[in-house]
1. Check residue 54 against each of (1) more than 21 Å from the chain's Cα centre (by Cα); (2) surrounded by 13 or more Cβ atoms within 10 Å (Cβ to Cβ) and name the one condition it does not meet.
2. With respect to residue 196, is the statement that it is touching a residue at least 12 places away in the same chain (Cβ under 8 Å) and part of a loop (DSSP other than H, G, I, E, B) true?
3. Consider the range 6-22. How many of its residues are surrounded by 15 or more Cβ atoms within 10 Å (Cβ to Cβ) and assigned to a helix (DSSP H, G or I)?
4. Kindly evaluate residue 163 against the criterion of being farther than 23 Å from residue 116 by Cβ and under 19 Å from the mean Cα position of the chain (by Cα).
5. Within the range 167-185, how many residues are closer than 30 Å to residue 39 by Cα and either out of contact with any helix residue (DSSP H, G or I) (no Cβ under 8 Å at 6 or more places or on another chain) or in a loop (DSSP other than H, G, I, E, B) (or both)?
6. Which ones in the range 23-39 are in a helix (DSSP H, G or I) and out of contact with any helix residue (DSSP H, G or I) (no Cβ under 9 Å at 6 or more places or on another chain)?
7. Looking at 110, 100, 136, 86 in this structure, which one is surrounded by 12 or more Cβ atoms within 10 Å (Cβ to Cβ) and part of a helix (DSSP H, G or I)?
8. Could you tell me whether any residue of the range 70-83 is surrounded by 14 or more Cβ atoms within 10 Å (Cβ to Cβ) and more than 30 Å from residue 254 (Cβ to Cβ)?
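The values are calculated or read from the model by the stated rules, or taken from the named source; none is laboratory data. Since the structure is predicted, the reported quantities are computational estimates derived from the model, not experimental observations. Ideal geometry is used to build each Cβ from the backbone, glycine not excepted, and the neighbour counts take in all protein chains shown.
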């Protein structure tokens, strides 16, 4: 769970579950205490040799949380769509798309956005957990944009010693402006004395998106950074953390499949 996303009231409730005192503390203070709490929990697990079990438990819990929230979002959107104005189906029919097929296309387009968003957030958060378990001093941070005015700051997903790791589940953008922004981001991070490292678990499949990634790879190479995609990304994470995230997720996927078959 990315506690930064929680509203103050939600964060207060989460802290109470962890037995963290909330009275008189602002959101920044509470987030810091939550991370300290989890760090202490991990350190205890390391001492007792239960670190991998704890990591698996946390990723499993995270998967359940994301799955439940995703299902709720999809169900709500489907219910909302029952009241939609479908007069545009006229154009679908003109283009040879039947009413039923058009309805399915609209449904999957609407709900698919939630799936892509949740899939990306879950994988990136799980990877961050692996890094957090391996490095008790690392974590998310931001740096001021020294190359321009927008954005004011750039986020580093995980500062692993001197490596500024950016985690991406997949980047299928075809927007040329994306290159400019990423070039600026990499230059800013290098200027702070960090090594930019891009870790993208799934490579895009469309030609233009692939060209964008090839350009980004060149940009990282130009500042002595590192770029990992596909299998190389999974292997990189395993190598620097000691945890095989892909194996953990494969085990969860098998459990989900068995649950579906049982039902």
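1. (1)
2. Working: touching a residue at least 12 places away in the same chain (Cβ under 8 Å): yes; part of a loop (DSSP other than H, G, I, E, B): no.
Taking the combined requirement at face value, the residue does not satisfy it.
3. 4
4. yes
5. Filtering the range 167-185 down to residues closer than 30 Å to residue 39 by Cα leaves 167-170, 185.
Filter once more, so that each one left must be either out of contact with any helix residue (DSSP H, G or I) (no Cβ under 8 Å at 6 or more places or on another chain) or in a loop (DSSP other than H, G, I, E, B) (or both): 185.
Adding up the residues that qualify gives 1.
6. Let us first name the residues in the range 23-39 that are in a helix (DSSP H, G or I), namely 27-39.
Across the range 23-39, the qualifying residues are 28, 29, 32, 36.
7. Exactly one residue qualifies, and that residue is 110.
8. yes
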